[in-house]
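Shown next, in structure tokens, is the structure this report addresses.
The values are calculated or read from the model by the stated rules, or taken from the named source; none is laboratory data. Just so we're clear, the structure is a prediction, and the values are computed from it rather than from any experiment. All Cβ positions, glycine included, derive from the backbone under ideal geometry; neighbour counts span all protein chains shown. To get the accessible areas, we keep the full protein, side chains included, count just its heavy atoms, and leave off ligands, DNA and RNA. Shrake-Rupley method; radii C 1.70, N 1.55, O 1.52, S 1.80 Å.
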4 protein chains.
Amino acid sequence: MVRVVILGQGYVASIFASGLEKIKAGKLEPYGVPLADELPIKIKDIEIVGSYDVDASKVGKDLYEVVKAYDPEAPESLRGITVRKGIHLRSLKNLPIEAVGLEDEMSLKDAIEHLVNEWKELRAEVFINVCTTEAFVPFESREELEKAIEEDNRDRLTATQVYAYAIAQYAKEVGGAAFVNAIPTLIANDPVFVELAKDSNMVIFGDDGATGATPFTADVLSHLAQRNRYVLDIAQFNIGGNNDFLALTDKERNKSKEFTKSSIVKDLLGYDAPHYIKPTGFLEPLGDKKFIAMHIEYVSFNGAHDELVITGRINDSPALAGLLVDLARLGKIALDKKAYGTVYEVNAFYMKNPGPKEKGNIPRIIAHEKMRMWAGLEPKWL
Amino acid sequence: MVRVVILGQGYVASIFASGLEKIKAGKLEPYGVPLADELPIKIKDIEIVGSYDVDASKVGKDLYEVVKAYDPEAPESLRGITVRKGIHLRSLKNLPIEAVGLEDEMSLKDAIEHLVNEWKELRAEVFINVCTTEAFVPFESREELEKAIEEDNRDRLTATQVYAYAIAQYAKEVGGAAFVNAIPTLIANDPVFVELAKDSNMVIFGDDGATGATPFTADVLSHLAQRNRYVLDIAQFNIGGNNDFLALTDKERNKSKEFTKSSIVKDLLGYDAPHYIKPTGFLEPLGDKKFIAMHIEYVSFNGAHDELVITGRINDSPALAGLLVDLARLGKIALDKKAYGTVYEVNAFYMKNPGPKEKGNIPRIIAHEKMRMWAGLEPKWL
Amino acid sequence: MVRVVILGQGYVASIFASGLEKIKAGKLEPYGVPLADELPIKIKDIEIVGSYDVDASKVGKDLYEVVKAYDPEAPESLRGITVRKGIHLRSLKNLPIEAVGLEDEMSLKDAIEHLVNEWKELRAEVFINVCTTEAFVPFESREELEKAIEEDNRDRLTATQVYAYAIAQYAKEVGGAAFVNAIPTLIANDPVFVELAKDSNMVIFGDDGATGATPFTADVLSHLAQRNRYVLDIAQFNIGGNNDFLALTDKERNKSKEFTKSSIVKDLLGYDAPHYIKPTGFLEPLGDKKFIAMHIEYVSFNGAHDELVITGRINDSPALAGLLVDLARLGKIALDKKAYGTVYEVNAFYMKNPGPKEKGNIPRIIAHEKMRMWAGLEPKWL
Amino acid sequence: MVRVVILGQGYVASIFASGLEKIKAGKLEPYGVPLADELPIKIKDIEIVGSYDVDASKVGKDLYEVVKAYDPEAPESLRGITVRKGIHLRSLKNLPIEAVGLEDEMSLKDAIEHLVNEWKELRAEVFINVCTTEAFVPFESREELEKAIEEDNRDRLTATQVYAYAIAQYAKEVGGAAFVNAIPTLIANDPVFVELAKDSNMVIFGDDGATGATPFTADVLSHLAQRNRYVLDIAQFNIGGNNDFLALTDKERNKSKEFTKSSIVKDLLGYDAPHYIKPTGFLEPLGDKKFIAMHIEYVSFNGAHDELVITGRINDSPALAGLLVDLARLGKIALDKKAYGTVYEVNAFYMKNPGPKEKGNIPRIIAHEKMRMWAGLEPKWL
């Protein structure tokens, strides 16, 4: 059994909840879940025990009602969980959503205590963070982080940072908890949080779930690197109509995204080929099924110039939601292994920006094998 | 030093010769050569000592003149080698080329003896077969093969099969030789030839050099398989204007190509997703820079349907020629290791249809690491 | 009122019937119908009065049941028409369908008489031919056509040719009828049939409904021609999973398709740019939504080389079905005008291979305006 | 003879000059010039008599030297013209270029007088404006424009506006001159300038030369509109590596571009389908050959959803340069016709944002025919 708490009940979390219940009921194949039936912890062992959001129209609602807005075929088995009020700290700024948060009524310190108490009651084990992409600044020292909380410095902190801090508190008190950070805010890549996790029986997976065009780009670049083709330039566009794309029209949020994605080029090619890789725009009718376009130009043998163009329509939320089904279970496995801090073997496959900070990207196919071995599975091809 | 003999001085062999000499002269980066400077045998150690063809307009010409028709910037250092007369056996049938072959003047048995004698004189070590794609039938027994040669059965044999047989004779007599079969004719996948090689101090690499859209498709399929996405269908087109595409307008030749390429789907996905993968047409103005188009549809988490479209312009001949720069050196290394028969570790990365017959395709990125280890190099990511 | 008889109750005819009834019931916008509400004859004036097929599993069934297999949302208003037995003459050869036809029980001459009598009873006005693509040979003289019918020469004739002949008989007897030939068999381009039509109060529209990639290619070529860009080459692939694509895997049928489509290049560019334009393959899971890919290379000012790649997923049957909603009404208008023979103004916009034979393709946007004027509408932009 | 003065000797103007001279010398086909040999004024009649720029590294240089930096095969016949100092007014702001302008040494009023005197000496007839894209504000009244010049208000005016004003002065004095505005600044769409032109014997063509993805998008939209397909959304990206793309990374300049391009959607479809159409980014290695990507989704008959994706590599500068070869000649023809003010027939085909203001976009293929008729040519298809 894995007891999961969701932080941010938006598109991804709703598809996660809906698909999970359908698979558990035997109504859906576990497509899009990399380890499907292979792990000792089965998909049917995952139980969602709590859900938090800061959208006024969701807080207090039944989970089934919220999920149904995203997936008309949401199963009734989602009934019975009430979406609770979380922390926002500007995370919905400039979005057409009315935000409510615990911090509207109390200090951050009190909000943290409030959350820890709720989680004890829920006996939460794994926390999945799928908040809206935030503009953030990493922390430079434990002191700075603790001071910001102590002084209720709401301009310095983001929701994700406060959640991570609260989970560390909780993990320390109850003896262990895992935090899956599926958004770009640096947590597994912030040494301050990794140290805090080690001291608090906490496992962090992160940062930024590896979905969409980027892991695919990674494999394309690995393909070229292994043939020693020299990449001249890379352009990658993507445009979508979900809230995540709307949020990224905000320049500062977009910046955090850009930072993450660019590191793959140098990591995989060994040189920093000129590239333009960033979310490009918002176009409402595309909905959750984004349009991606990529152009790569490279030099082959004898000076020949080749070109590849990749386009596609990709459902954004299901891609990440499927990974979360693994990450919830791997979080529990890591707790069983007492692998406190962060776990590069997991991050390298599942995250765009795999922590810890000093580690980079490796080809995903290699990462996949290493992750399997970490999880106690046979490698598939090695 | 690796002493190389080319069989089939067409586009690929000419780009190979031209690029090789430019790299040796320090005028070109070794882009497109996967192992570039990493092998103990360096690129400058490769020496082309002989070249065979059956195009009446090439036989007897200086190598430089022949190569220049394909690469106007061919270096003068190619001068001094005369293209010799080889074996054709219908390999130019239906192509607008006048064919001449040793078999026009003598029996196949005598032709083989003639070739073996020439190779002794050239002190050949590695033979690179880049003949035109042939329609062929694999052999079922050593006896059948030997009988066909004995009885001068020109309808049963192809040029590649006769060359492979002749090289086995030669390897047996001189104590070792390697045969790189870069075309679809099954040699490394024909147990008769692999057995013959083991008995004759011969190394076979094959079959069908892994270039063009197929290895890329392989990596795309691996990418999807590792995320457990369920592939609904795959369509892959390619159209080009070089002689290889012209030859493939011949239905029987096309069949050999089709056979090779389709095996990757089942090998990599684990199920035989419906697919249409074959060379599609000939369009002269495209020249050696073919146009490829691929469409893949798959199911992601929660039943979502995604689509990928990949198009590109890819120089056909340089892609294969770059691999040959490695294969020539790996052939010599295999001889030093006495790895007679065929070498799956090499074939799995460099060949579309990696022999021996009982082995299938694995993800190329994994194959790349295994090949490095076989060659005594550090793996790059493992 | 327009009384319509369908010949070939397959995918296109079923979508036509289903969409038509939904529009008439006010449940669907007339998207995909070029002239929508603009014609004096309204969409609600179209009435399907008869339907013919030769698939044993359809003949004798209610139209609603047949249509429902193609469109699960087919409206109940289709009930009440029974699919009748038509003529097959090899039109289902090599397809996995059991064929039944009037000619199984009687001579072609008797079958024609039988049909004419049924049509009199139905008071048919416009016949829409959407049979499976056939391999055919045009007729060279009226005598040859009449002799083939007289002598019951089933190898010389196709279903479409027999239908066209029968409709001419019918039109002569009742004073007028229109034949919309939406498949590649040359009827509007066969002078024998055009002459026959003129003598028989018959209107022919044809040949081969202008849907799919071809009219779009036509507009792309017009775009380039009007800027005097010099087209170097054109490749166009398409692959689908409906019966039409399955039928085209038959080499001879494919040839009729290829013939039609190629003429646009020379007609629109003024020179015959090298091209490869033909249906490429069958891939069942694509269903009716085919995948198209097109590559065009051209020379711009100062010798610059540009490239365009167009890919898409296009629903095959609705595209043609939408045109039929206009063609049925234009057929009636042509009858009112006594425009016997064939009408280039209509064909030039709606047909891939617009008859009569001596006329070629013109840019579709121009054709659209001319067609409007012929139909008594204001041009839209002129 | 047409005596041409270039304003802005950048990429486009240099390709224009180079290609023009090659065609005049019979060394190049007039590909990319829509009317090629059809006009009564021939290409060889065009003479470049002056060139202006504000890049310190170009001013005072021989035209041949400047052009050669863009086209290594520039013909020697370009020698003999010295690039003169023009007006900048922030047009190079934020670009890595040192700007020099007449206004550095004198008032705008004096600069205008200086230019008019130079032009008299050059006997200029047609002025081609290909300055860098500017951020601008249109004028609301003649008074406001005249006051801005009188008061030397450098913040209110852009280079293009000052040039247009100066040319009006010149045209009034010498009896006629034409101004081809190939950049987005509204001139043909600013009623103040059109009125000024009518009063001054001046012809204006504009605004923003119709090249790149936009006119192609226009034809695609016309294609869909004429079949009554309902467009759900349109995304169009383009990324390039020339100075124009670098300039557009500046947010304000980009806005002027965006304004222009969006109008086509409503003009051609009749409704404002959601769209995202704007230059997307700068990627230096792409150079002048930009990468474009477009995605269009629409509803066809019976509610079917289709998708088109268009990608391409297009040389930016030659596309516009080829149009300028026509526009220079049409400018002279308009002067001969005394068509003072602006000429919609010309603008509708050659311009993205065809003036006058009250007129919109029409399908380019129709516009092409109307333009031919205006120029005294036979229509091609009507």
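Using the 1.4 Å probe convention, the accessible area of the protein assembly as shown works out to 33 Å² per residue with neighbouring protein chains retained.
For region A:104-153, compute Rh as the Kirkwood radius over C-alpha pairs and then the Stokes-Einstein diffusion coefficient at 10 °C and 1.306 mPa s; write the answer in µm²/s, rounded to an integer. Let's see the in-between values first.
Numbers: Rh = 13.1 Å.
Estimated via Stokes-Einstein, D reaches 121 µm²/s.
A:Thr249 contributes an accessible area of around 90 Å² to the protein surface, as traced by a 1.4 Å probe with all chains present.
Among C:Ile23, C:Ile277, C:Ile239, the largest mean-square fluctuation in a Gaussian network model of chain C (Cα springs under 10 Å) belongs to C:Ile23. Would you please calculate the Kirkwood hydrodynamic radius of region A:213-315 over all C-alpha pairs and express it in Å, rounded to one decimal? This gives a value of 14.3 Å. Across chain C, how large is the tail of the calculated P(r) beyond 41 Å, expressed as a percent of all Cα pairs? Percent of Cα pairs beyond 41 Å in chain C: 9.
How big is the C-alpha Rg of the protein assembly as shown next to the rule-of-thumb value 2.2 N^0.38 Å, as a ratio? Display every interim value, and only then the final one.
Working: Rg = 35.3 Å, N = 1528, 2.2 N^0.38 = 35.7 Å.
Dividing the Cα radius of gyration by 2.2 N^0.38 Å gives 0.99.
For region B:213-315, DSSP calls about 75 percent of its internal beta bridges antiparallel.
Position A:Pro96: other-copy label points at 4.1, 4.9, 6.2 nm, ordered by increasing distance, label point 7 Å along Cα→C-beta.
The per residue volume of the convex hull around the alpha-carbon atoms of region B:16-162 is 148 Å³. Counting Lys and Arg as +1 and Asp and Glu as -1 over every other residue whose Cβ lies under 13 Å from the Cβ of C:Gly355, the net charge comes to -2. Overall, the ratio between the Cα radius of gyration of region C:313-358 and 2.2 N^0.38 Å, rounded to two decimals, is 1.28.
The smallest convex shape that holds all Cα atoms of region B:1-73, its convex hull, gives 90 Å³ per residue. What does the charge add up to near D:Ala339, with Lys and Arg as +1, Asp and Glu as -1, over the other residues with Cβ less than 13 Å from its Cβ? Once all neighbours under 13 Å are counted, the net charge is +2.
Working from the pairwise distances between different alpha carbons, so that the mean of 1/r is found and then inverted, what is region A:121-179's Kirkwood radius in Å?
Working: mean 1/r = 0.0796 Å⁻¹.
Taking the inverse mean of 1/r over all distinct Cα pairs, region A:121-179 comes out at 12.6 Å.
Among B:Gly209, B:Gly50, B:Gly312, determine the one that fluctuates most according to a GNM of chain B built with springs between C-alpha atoms less than 10 Å apart. Residue with maximal mean-square fluctuation among B:Gly209, B:Gly50, B:Gly312: B:Gly312. The value for region A:253-365 of Rg(Cα) / (2.2 N^0.38 Å) is 1.30.
For A:Met373, the label point sits 7 Å beyond Cα toward Cβ; its separations from the matching points on the remaining copies run 0.8, 7.6, 7.6 nm, from shortest to longest. Using a 7 Å projection from Cα along Cα-to-Cβ, the label point at A:Gly287 is separated from the same position in the remaining copies by 1.5, 4.4, 4.6 nm, smallest value first.
Largest GNM mean-square fluctuation among C:Ser317, C:Ser300, C:Ser91, using chain C with Cα springs under 10 Å: C:Ser300. Across region A:282-290, rounded Karplus estimates of 3J(HN,Hα) from the backbone phi angles (6.51 cos²θ - 1.76 cosθ + 1.60, θ = phi - 60°) give 10, 9, 3, x, 5, x, 7, 9, 6 Hz, Gly and Pro being marked x.
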